[in-house]
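The structure appears right after this line, and notes come after that.
The values are calculated or read from the model by the stated rules, or taken from the named source; none is laboratory data. Small disclaimer: the values here were computed from a predicted structure and weren't measured. Positions of Cβ are backbone-derived with ideal geometry, glycine not excepted, and every protein chain shown enters the neighbour counts. Ligands, DNA and RNA are excluded from the accessible area calculation, which covers all protein heavy atoms including side chains. Shrake-Rupley method; radii C 1.70, N 1.55, O 1.52, S 1.80 Å.
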Amino acid sequence: MLTIIRERLRQGHRTGKYPKVEPIMPERFRGLPQLAQNLTPQSCADAVASCPFTALSSNGGKLQLDLGRCLFCADCPAAADHAALAFSNDYRLATSRREDMFLDDNVYHVAGMLNKSMRKLFGRSLKLRQVSAGGCNACEADLNVLSTLVFDLARFGIQFVASPRHADGIMVTGPVTENMKSALLDTYAAIPEPKLVIASGACAIAGGPYCNSPEAHQGIGDLLPVDLYIPGCPPHPYTALDGLLRMLGRIE
Ligand code: SF4
């Protein structure tokens, strides 16, 4: 018994101090991309061609990035003859609107808070049903991490629950394969009103690497009304936590 107590004292308190203290992101973390400005038309075209997932486009000769499609693979800086895009370590990527995910002037609008009545309902207690709609398990694994002692999602009153009947919302990962479509829609229908929809990861937002597959939908945008988009492949747990807390008005 004494050994256990001594060990607990030695380990101390492991839960991170976020959001009171900003997290220190790992050196290799790829956060909010910064686009090179003043590219020549040829460099811009080279950069667009270098992205295998059509996340880059040219908007009037200016490079534009769809953050919802970006897999943060870093192929574009390597393929283009100069750095068209560089990654910052800013983990605050979650947004409320799909159109806010198109980045061309390096000004990014992070998620806003729900309206007052929804915040009153869910601000201190939010139960979510997670549905993996054809995901590869990377997004799902990092959502699991949110419930571990470092992030301790439950201290904010947010928990994943087993039944949609007990849930206030749905958190979807994966591109929504045809086989998972009806299960996803049935789960959504089983959640009582009012309810929230969260798209976590590039696949759930825009189909990810499967966006052109006839067996997969282009994420959940055409199927469900989305309240929060969390970009990444997979999103870092701090990106997901930041988005959830912003949506609930717990941080600004
Ligand atoms: S990081 Fe990858 S997915 Fe994102 S724009 Fe570059 S090549 Fe495309």
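Restricted to segment 122-139, and to residues that are free of Cβ contacts under 8 Å to residues at least 60 places away in the same chain and outside any loop (DSSP other than H, G, I, E, B), which residue is surrounded by the fewest Cβ atoms within 10 Å (Cβ to Cβ)? Once the filter is applied, the top-ranked residue is Lys127. Put simply, of Arg119, Arg155 the only residue that is more than 19 Å from the chain's Cα centre (by Cα) and surrounded by 15 or more Cβ atoms within 10 Å (Cβ to Cβ) is Arg119.
The single condition among (1) free of Cβ contacts under 8 Å to residues at least 60 places away in the same chain; (2) exposed (fewer than 11 other Cβ atoms within 10 Å of the Cβ) that Asp75 does not satisfy is (2).
Among the residues of segment 94-102, is any under 29 Å from Arg155 (Cβ atoms), away from the ligand (no atom under 12 Å from the Cβ), open to solvent by 20 Å² or more (accessible area, probe 1.4 Å) and of a type in the set (Ser, Thr, Tyr)? The answer is yes; a qualifying residue exists. Among the residues of segment 236-247, is there at least one that is open to solvent by less than 30 Å² (accessible area, probe 1.4 Å) and free of Cβ contacts under 8 Å to residues at least 60 places away in the same chain? No, segment 236-247 contains no residue that is open to solvent by less than 30 Å² (accessible area, probe 1.4 Å) and free of Cβ contacts under 8 Å to residues at least 60 places away in the same chain.
For every residue, the table says whether it meets (1) within 16 Å of the ligand (Cβ to nearest atom); (2) on the phi < 0 side of the Ramachandran plot; (3) open to solvent by 80 Å² or more (accessible area, probe 1.4 Å).
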| residue | (1), (2), (3) |
| --- | --- |
| Arg10 | no, yes, yes |
| Arg28 | yes, yes, yes |
| Ala49 | yes, yes, yes |
| Ala55 | yes, yes, no |
| Leu71 | yes, yes, no |
| Leu85 | yes, yes, no |
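Among the conditions (1) within 17 Å of Cys233 (Cβ to Cβ); (2) touching a residue at least 24 places away in the same chain (Cβ under 8 Å); (3) among the hydrophobic types (A, V, I, L, M, F, W, C), Cys44 misses just one, which is (1).
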